[in-house]
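Since the structure comes first, as structure tokens, the remarks are kept for the end.
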Amino acid sequence: MNVHLRSLGCRLNQAEMDALGRKLAQRGLLVTGDPAQAGQIVVNTCSVTREAGADSRALVRELARRAPAASITVTGCHAELAPQEMQSLPNVRKVVGNLENESIAGLLDGPAPDTRSPAAGRTATRTRAFVKVQDGCDHACTFCVTTLARGPGRSRPLAEILAEVRQLRSLDYQEVVLSGVQLGSYGHDLGMKQGLATLLRALLSETDFPRLRLSSLEPWDLTPDFHGLWRDARLCRHLHLPLQSGSSATLRRMRRRCSPEEFSVLLRDFRRNVPHMSITTDVMVGFPGEDEEEFETSKAFISGQPLAGLHVFRYSPRPGTPAARMRPQIRESTKKERSAQLRSLAESLARAYAREIEGQTQEVLWEQVAGATPEGFVNVGYTDTWMRVRAIHPLPLSNRITAARLGTFLDGEIQATPIL
Ligand code: SF4
């Protein structure tokens, strides 16, 4: 019986669905991209905002319409926080909490697991593999529902991660992305000091993976000598460090553990030690109590940082979080207005970073062929600095890493020339 897998939200959700897909293929189950061809469907939901919860419900309803005979298993943060709501949706057979989601492979109908069968092949469209190394979080940022949905911080044993990464390398993946809820706390629960640095050193010294990438990291988890790891060029020069606000007053109410000043020192330290390091961040607007002055302070601080981009979020009150009870809550119209201002700031920061690296030669992992012209194939990929690039070349370059000369920045992409 074919299985269709869908994931909403963060890279951790994606990593969990990827790992499930490989387990199911090893069991001889076909993972299909078309829900209409599936008898079983698994949905990994998200609840980080009110909209994400609504999207999770809408996706389950849509899949039930497209595959009326299929049984749906729902997991992820919205399933954890609103199990009855998800159980009441059409075709939902099972709601599995985040702490039990490793058991989903065994819950699905199909041939018994046969560990002798070779590992599943690389899904042709994927060049980058997401690997979950950690789950849960021990912090309590006042707006955050993830820490409620995912539970306390817990790390996968290093040997297990190494084995999975080696398996992925044998499947010809070119890049592995380490993901977690609070990735920077990797190993804390295993008694490891600087656990994430230890894990990275092990992956760099004990595997020949061409590229290692880190997903989102809390800035306070980065120790001063962390940038030494980038002496190995296989470690991608991009960090996503959520700041959330450039106003100290707002950050205090968020119960964040990194001040704007500390963030600025960290940013400059990394950029001094890792040339052309690309650092992006998350910024929230409309947090309860964020008056005009706090917003202007936040915007002014962020516009003065050498960032390569921003993810802008409008604060969304989540049930069970302290911030949802705070007053005053900010009007949606004000949030929209502030979000628009920061999105245009985000564009100018990305343009400035693209100008900084224009004319350089960087490594690009080509991911897909987006079309063809009389001059050649339209190849699309990402630099190690996480800039999206496009190039026309006589050859399709999918799943290859080549040097490329970086040109101008257009519509969010850098026009590049592959050097083969
Ligand atoms: S550190 Fe991240 S996951 Fe943990 S509570 Fe804060 S925002 Fe949530």
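The values are calculated or read from the model by the stated rules, or taken from the named source; none is laboratory data. Keep in mind that this is a model prediction, so the values were computed, not measured. Cβ coordinates were reconstructed from backbone atoms using ideal geometry, including for glycine residues, and neighbour counts include every protein chain displayed. In case anyone asks, the SASA skips ligands and DNA or RNA and just uses the protein heavy atoms, side chains included. Shrake-Rupley method; radii C 1.70, N 1.55, O 1.52, S 1.80 Å.
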> Which value in nm describes the separation of the simple spin-label points at Q360 and V378, placed 7 Å from the Cα toward the beta carbon?
Replying inline: 2.7
> Say each of E160 and S303 gets a label point 7 Å from the Cα, pointing the same way as Cα to Cβ; how far apart are those two points in nm?
Replying inline: 4.8
>> Using only the heavy atoms of the protein chains and a 1.4 Å probe, how would W386, W366 rank by accessible area, largest first?
In response: W386, W366
> Simple spin-label model, 7 Å along Cα-to-Cβ: D208 to A249 in nm?
Replying inline: 5.8
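Could you please tell me the mean projected area of the C-alpha convex hull for the range 302-378, averaged over all directions and given in square nanometres to one decimal? Please list the in-between numbers first.
On the way: hull surface 37.9 nm².
Mean projected area for the range 302-378: 9.5 nm², to one decimal.
Work out the FRET efficiency for I419 and A352 from their Cβ-Cβ distance, taking R0 = 22 Å, and round it to the nearest 0.05. Display every interim value, and only then the final one.
Working: r = 25 Å, r/R0 = 1.14.
My answer for the efficiency is 0.30.
Run the numbers for R325 and Q194: contour at 0.36 nm per residue of separation, minus the present Cα-Cα distance, in nm.
43.6 nm is the gain from fully extending R325 to Q194.
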>> Checking the a/c ratio against 1.5 first, then a/b against b/c, what shape does the Cα gyration tensor give for the chain?
In response: rounded
> Which value, in Å², gives the accessible area per residue of the chain when a 1.4 Å probe is used on the protein heavy atoms?
Replying inline: 43
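Which order do the peptides 217-228, 173-184 take when ranked by the mean count of other beta-carbon atoms within 10 Å per residue, highest first?
Details: 217-228: 16.8, 173-184: 23.3.
Highest to lowest by the protection proxy: 173-184, 217-228.
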> In the chain, carbon and sulfur make up what percent of the accessible area (probe 1.4 Å)?
Replying inline: 54
> Along the charge dipole of the chain, which of V177, S103, T408 sits closest to the positive end, that is, farthest toward it, with unit charges on the beta carbon of Lys, Arg, Asp and Glu (+1, +1, -1, -1)?
Replying inline: S103
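Number of Lys pairs in the chain with C-alpha atoms less than 26 angstrom apart, excluding same-chain neighbours closer than eight positions?
6
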> Check F313: other-chain or 5+ apart residues with amide H under 5 Å from its amide H, H built from backbone geometry?
Replying inline: V283, M284, V285
